[in-house]
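Accompanying notes for the structure given below.
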Amino acid sequence: MQNTIHIAAFAGSLREYSYNRSLLNTAVHLLPPETSYEILDLTPIPMYNQDIEKIGFPKEVETFRSALYRADAFLIATPEYNYSIPGVLKNALDWASRANADKSKPMDGKPLAIIGVGGRFGTARAQNHLRQIASHLNMITINRPEVLVSNYPKKVFDAENNLTDQFAINLTEELLKNLVNLTRQLKLPLETGIPTN
Ligand SMILES: Cc1cc2nc3c(=O)[nH]c(=O)nc-3n(C[C@H](O)[C@H](O)[C@H](O)COP(=O)(O)O)c2cc1C
């Protein structure tokens, strides 16, 4: 469908029972109508090495980057590791920050929504770092609402890792609505032929 907004979603945790992957799985089911999504797995992405990039992007990186090019917007769930984002997420973003031969970059100019679940502060410090990184990648990060899910000391996931915090569910739904609305506004001029300047 022409008006469908396609979201690429990924989490910065590789562990099987990751709360952030569970939060991401909850979030994609809260996307508004006329959207599609794909969840990307960062597990196979090798460590960034500029010598390897000179030879060519490894196929796992090409797969990741192609999915980013396909997307109109992004949803990232980040854990907090040592007051920042996990290395696995930074590494993926480092690969994503590089240009193709045609000088295009897969995340350039596209909207981003950030969510995260962690300890008492609900990944606040990691999310701030991710916002900084996103600004260098020229993404448009949605400011509000912040989705900072605290899973400690009170657990907010049930035994099947479903999010049980209704307030967090509502905030996530609102953030995704804002993400899709902004993405639609940005795409509108292209689709209607209205000049952008
Ligand atoms: C290496 C490491 C560093 C961590 N650093 C922080 C931290 O700085 N702040 C915090 O609130 N939690 C920290 N944690 C706790 C994680 O945020 C928490 O375990 C979270 O559930 C991990 O996300 P996941 O469940 O999606 O894997 C750290 C955990 C690890 C393994």
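The values are calculated or read from the model by the stated rules, or taken from the named source; none is laboratory data. As the structure is a prediction and not an experimental result, all values here were calculated from the model. Note that we place each Cβ from the backbone using ideal geometry, even for glycine, and neighbour counts take in every protein chain shown.
Among what's in region 63-81 and is crowded, with 17+ Cβ neighbours inside 10 Å and either modelled with pLDDT under 95 or of a type in the set (S, T, Y) (or both), pick the residue that is farthest from the ligand (Cβ to nearest atom). Among those that are crowded, with 17+ Cβ neighbours inside 10 Å and either modelled with pLDDT under 95 or of a type in the set (S, T, Y) (or both), it is T78. Within region 11-38, residues that are on the phi > 0 side of the Ramachandran plot sit with their Cβ atoms under 7 Å from residues that are of a type in the set (V, I, T) and away from the ligand (no atom under 16 Å from the Cβ), at 6+ positions apart or across chains, in these pairs: E34/T4; E34/I5.
Scanning region 105-126 for residues that are buried (at least 22 other Cβ atoms within 10 Å of the Cβ), within 11 Å of the ligand (Cβ to nearest atom) and over 14 Å from S13 (Cβ atoms) yields a single hit, G122.
Yes/no matrix, rows are residues, columns are (1) of a type in the set (F, W, Y); (2) within 16 Å of the ligand (Cβ to nearest atom); (3) within 24 Å of S66 (Cα to Cα):
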residue: Y83; (1), (2), (3): yes, yes, no
residue: R131; (1), (2), (3): no, no, yes
residue: P145; (1), (2), (3): no, no, no
residue: S150; (1), (2), (3): no, yes, no
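Applying the criterion of at least 2 residues that are more than 14 Å from the chain's Cα centre (by Cα) to the strands (runs of 3 or more DSSP E) found wholly in region 39-153 leaves 147-150. Of all residues in region 123-177, those being more than 14 Å from A113 (Cβ to Cβ) and among the acidic types (D, E) number 3. Would you be able to say whether some residue in region 48-61 is out of contact with any helix residue (DSSP H, G or I) (no Cβ under 8 Å at 6 or more places or on another chain), within 16 Å of the ligand (Cβ to nearest atom) and of a type outside the set (S, T, N, Q)? No: zero hits. For region 1-34, a residue qualifies if it is within 8 Å of the ligand (Cβ to nearest atom), hydroxyl-bearing (S, T, Y) and in a loop (DSSP other than H, G, I, E, B), and the qualifying residues are S13, Y17, S18.
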